[in-house]
Amino acid sequence: MATSPQPAPLPSRKRPGISRRLLICATASALLATAAGCGSATNSQGGAASDGLITLSMHNPDSKTQDPATYELVQEFNAAHPDMKIKLEGQPVEQHEQRMTIAAQSDTLPEIFWVYDSLAKTMVKDGDLLDLTPILDEDNLKTKFAPSMLAGFQADGTQYGVPYQALITGFYVNKDILGEHGIALPKTFDELLAAVKKLKAAGVVPIAQGANNSSFSVWAFLTMLDRFGYEEKYPAILSGRVRYDNADFLRLYRHVRELAEAGAFPANMSTQTYAQAVASYMAGKAAFLDAGVWEAAKIQKSKVGRSTDFWAGPTFSDGVGEQKIVMNVPSAPFVVSAKVKKDKKKYAAVKAFIQFYYSDAGQKILVDNAQPPVTTYKPDVDTASDPVFAAVLAAAAKPGWKSPEAQPDLVVSAATASAMYDSFYGVMGGSLSPEEAVRSVEKTIK
């Protein structure tokens, strides 16, 4: 079972007349109140605090079921290093982000923690994070990574983060449904549009999507942005030299409207959650599912497992630049508190865990839990017993295809990322025109 995706943190909003210190205290009090009413706000999965030399804080309240790869990695490490035992804890993603923000301001950060890169970038500017370069330089650990897996977590010569997991996204495809209606797996947008029209006419939901409390679930469409030059454009967009509401992006949004008008999305998309969209696909009620590698194991066990393939999405004749793009990028990073350097025992434990996590043995644990490796480790996946996971890995390694350095929403502010999600769902659902959609994103860029 793989880690379920999480929404981006909500953008912070300053309250007039309230000091930063009071706002921190108020937020902390709210979190403590939640803990008192619902049990501990932190779900510890490694024993009491005294049982662990260092703490690994995650964005899942129950890693054993929600992120079994990380859970197993910690258990294996603890068994081999009883003198360096890690306490594994976690909270839901928004609460986790709040707690890490407060902890950074009160100098109480855990030794290792998962965090969205936007917050990590703020923390490294404030001197809260350890430079991991010396750890990666030992035993040539750095050579185990493709440059793109580390480049996104560097700032001013500091390697402030390392990739927690790889993010491979696109469309799961029910080959049986396509075959039943005489449809070949699409390659281009025009072929996808034709397939959508044929499926809709036959009463089949073409693409399973769920927007309710899940507006972040537009991964395949974020990849399409890169096929219209996003990776080359976004630095200029963020600096104000180019606008998000440019002619190239507008063409993409008009293509999304074409899909919507052809009936690509379920009628209940706005009231359906992402989880319900996944369930509908696994029940054989949709031909495509917009998702990522984290669903591979679940889909494999479902009734459609044996008929599922994975597709990186359509190329566009009117796109910009490289079209053979597959999203295979590092997700949000692991980072380490800067104060670890002051404690030799904790520094040694952090170093040992990082070296284990990115060793071949550690990466094999990821693969055994249907997660792609983040290093150059070559997984041996049985295509007979794990065809869905194998299909995802094959798409990510397809000859002649390349990946961007980062997913489009992970290089902008939380406010802009949220606007990007809403802009796509707005066009899919008909509440925004393509022109309104691109303008809505541009308004968030400062």
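Some observations on this one:
- Structure-based [θ]222 nm, the chain - -39500 (n - 2.57) summed over DSSP H runs of at least 4, per residue, nearest 500: -12500 deg cm²/dmol
- Distance cut-off 23 Å, percentage of C-alpha pairs in the stretch 287-446 lying past it: 57 percent
- Dmax and Rg, reported as Rg then Dmax, of the stretch 372-416 (C-alpha, Å): 14.3, 43
- C-alpha long axis of helix 387-396 to longest principal axis of the chain, angle in °: 90 degrees
- Spatial separation of Cα centroids for the stretch 407-446 and the stretch 71-99, in angstrom: 35 Å
- Relative to the dominant Cα principal axis of the chain, helix 68-80 is inclined by about 30°.
- Percent antiparallel among DSSP beta bridges (both partners in the chain, rounded to 5): 65 percent
- Positive-pole candidate from Leu167, Thr143, Ile177, dipole of the stretch 117-179, charges at beta carbon: Ile177
- Whole-number D in µm²/s for the stretch 60-150 (Stokes-Einstein; Kirkwood sum over Cα pairs; 4 °C, 1.567 mPa s): 85 µm²/s
- Only Lys, Arg, Asp and Glu carry charge here, each on its Cβ (+1 for the first two, -1 for the last two); on that basis the chain has a dipole of about 680 debye about its Cα centre.
- The three principal axes of the C-alpha atoms in the stretch 173-237 carry coordinate ranges of 46, 30, 17 Å, sorted with the longest axis first.
- Solvent exposure of the chain amounts to 43 Å² per residue of accessible area, where only protein heavy atoms count and the probe is 1.4 Å.
- Loop-located trypsin sites (Lys or Arg not before Pro) in the stretch 338-386 whose Cβ has at most 15 other Cβ within 10 Å (DSSP): none
- When Glu138, Glu442 are compared by accessible area at a 1.4 angstrom probe, the order from most to least is Glu138, Glu442.
- For Val162, the residues whose amide H sits under 5 Å from its own are Phe334, ignoring neighbours fewer than 5 places away on the same chain, with H placed 1.01 Å from N.
- Beyond 22 Å in Cα-Cα separation lie the following of the pairs Lys144/Lys364; Lys303/Lys402; Lys125/Lys344; Lys85/Lys346; Lys85/Lys339; Lys87/Lys378: Lys303/Lys402; Lys125/Lys344; Lys87/Lys378.
- Principal-axis tilt of helix 189-201 within the chain, Cα atoms, nearest 10 degrees: 70 degrees
- The chain: radius of gyration and largest Cα-Cα distance (Dmax), Å: 21.9, 66
- When the solvent-accessible area of the stretch 327-391 is split by element, carbon and sulfur atoms take up 51 percent of it, the probe being 1.4 Å.
The values are calculated or read from the model by the stated rules, or taken from the named source; none is laboratory data. Predicted model, so just to flag it, every value in this text is computed and none were measured. When we count neighbours, we look across all protein chains shown, and the Cβ atoms used for this are built from the backbone with ideal geometry, even at glycine. In case anyone asks, the SASA skips ligands and DNA or RNA and just uses the protein heavy atoms, side chains included. Shrake-Rupley method; radii C 1.70, N 1.55, O 1.52, S 1.80 Å.
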